[in-house]
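What follows is one structure encoded as structure tokens, with my remarks underneath.
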Amino acid sequence: MTGWRRRIWLGGCVLVLTFLVTVPFLLMAGVNPLAAYAQFLIVPLTSRFGLLEVAVASIPLLFTGAAVALAFRAGYWNIGAEGQLLLGAVAAAGIGARVSNLAPPLAVLLVLGGGVLAGAAWGLLPALLRVRFHIDEVVTTLLLNPVALLLVEGLLNGPWRDPVTRFPESPRIAVSAELPAVVAGSRLHAGFLIGLAVLAVTGFVLTRTPAGVKLRAVGLGPDAARFAGIDVARTLIAAALISGAIAGLGGAGEVAGIQYRLTGGLSAGFGYTGIVVATLGGLTMGGVALVALLLGDLTVGASSAGRALGIPSQAGDIVQAAVLLVTVAMLAVNRYGRRRRPRAVAVAGAGL
């Protein structure tokens, strides 16, 4: 089975199994599963407002999905996109509140650039620990996520607490630092276009440039890549920095395009959901875009289903969690099957 056919098969299996897994929960909630999934996936696409909200909900997932996909392609298991996104948001909020005297293009560039640098910086330490001391980046990147959250809470309950409302949120960023709307009268902002551009550029680099070939070679086999003369350590660090930078850009986009300040609830687990987006998208940028839009559709549909069907809005969270678990299980089965196949062939050959 070719690569793209395997990805289509995997995606189809995930969708079918997710439906089967979530049916009992929907039945216990007293709702027809088919009606629920119609509300989750179809109803948001039947109106202009719904389509725009789907695009808005997909924006942070475009960035975190791209960040995770790039790192995974290099064999660097970055589970820290959540923390990198939060650090990007922190930098954007800090810079955005101090650029009121600058023209919009420059102010926006400084806010987004600050998010990029903060995300990359947060991802540097785990990469150095992996390269220098062979410490598993799954552990270090994951453990840095709650540290980033504690940093955000410390700022919001301390020096950045709004001096007027006393709510745990930072002061509003300057108007000149806000991302412009793509469609007038909607919440869809330029971050959506930036996210698509990031996917296009990242996909081109991975598939059409020597740097992308080296990165994928390291991901497929670091020992073979090292034998071929590729600097594996430098490639892993570069992948970690770029991955963190993309996630940080996503956090800056949430501040500059949606929240306009740093809040404790800025991220609804976007970094963790980015792992689902990347893996279900087959670690391709086109797949990331499709899955991000699919999960954005599910997020918008879940909120409307609560009103239309009288079920808890958390039903959408259950479906997303099921997607994550089923995706991980299918990837594990797929990888185990591919590992066993050559062994089975070798045993059969030895018996001839």
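The table for this structure:
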{"quantity": "Among the residues listed as G248, G264, G269, the single one being touching a residue at least 60 places away in the same chain (Cβ under 8 Å), closer than 30 Å to R172 by Cα, crowded, with 23+ Cβ neighbours inside 10 Å and out of contact with any strand residue (DSSP E or B) (no Cβ under 7 Å at 6 or more places or on another chain)", "calculated": "G248"}
{"quantity": "Where a residue in segment 222-241 is on the phi < 0 side of the Ramachandran plot and in contact (Cβ under 8 Å) with a residue 24 or more places away in the chain and its partner, wherever it lies, is acidic (D, E) and surrounded by 18 or more Cβ atoms within 10 Å (Cβ to Cβ), with Cβ under 9 Å and at least six apart", "calculated": "L236/E137; A240/E137"}
{"quantity": "Among the residues listed as G119, G123, G114, the single one being crowded, with 18+ Cβ neighbours inside 10 Å, under 18 Å from L249 (Cβ atoms), in contact with a Ser or Thr (Cβ under 8 Å, 6 or more places away or on another chain) and not hydrophobic (A, V, I, L, M, F, W, C)", "calculated": "G123"}
{"quantity": "Residue match in segment 294-306 (condition: at pLDDT below 90, in contact with a Phe, Trp or Tyr (Cβ under 9 Å, 6 or more places away or on another chain), among the small types (G, A, S) and not in a helix (DSSP H, G or I))", "calculated": "no"}
{"quantity": "Residue identified as surrounded by 13 or more Cβ atoms within 10 Å (Cβ to Cβ), under 30 Å from L236 (Cα atoms) and among the basic types (K, R) among R130, R161", "calculated": "R130"}
{"quantity": "Some residue of segment 166-174 being on the phi < 0 side of the Ramachandran plot and part of a helix (DSSP H, G or I)", "calculated": "no"}
{"quantity": "Flag for G286 being within 21 Å of the chain's Cα centre (by Cα), surrounded by fewer than 20 Cβ atoms within 10 Å (Cβ to Cβ), modelled with pLDDT of 75 or more and assigned to a helix (DSSP H, G or I)", "calculated": "yes"}
{"quantity": "Residue count, segment 142-171 (criterion: within 19 Å of A97 (Cβ to Cβ), of a type in the set (G, A, S) and touching a residue at least 12 places away in the same chain (Cβ under 8 Å))", "calculated": "1"}
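The values are calculated or read from the model by the stated rules, or taken from the named source; none is laboratory data. Computed from a predicted model, the values in this text were never measured in an experiment. Backbone-built Cβ (ideal geometry, glycine too); neighbour counts: all protein chains shown.
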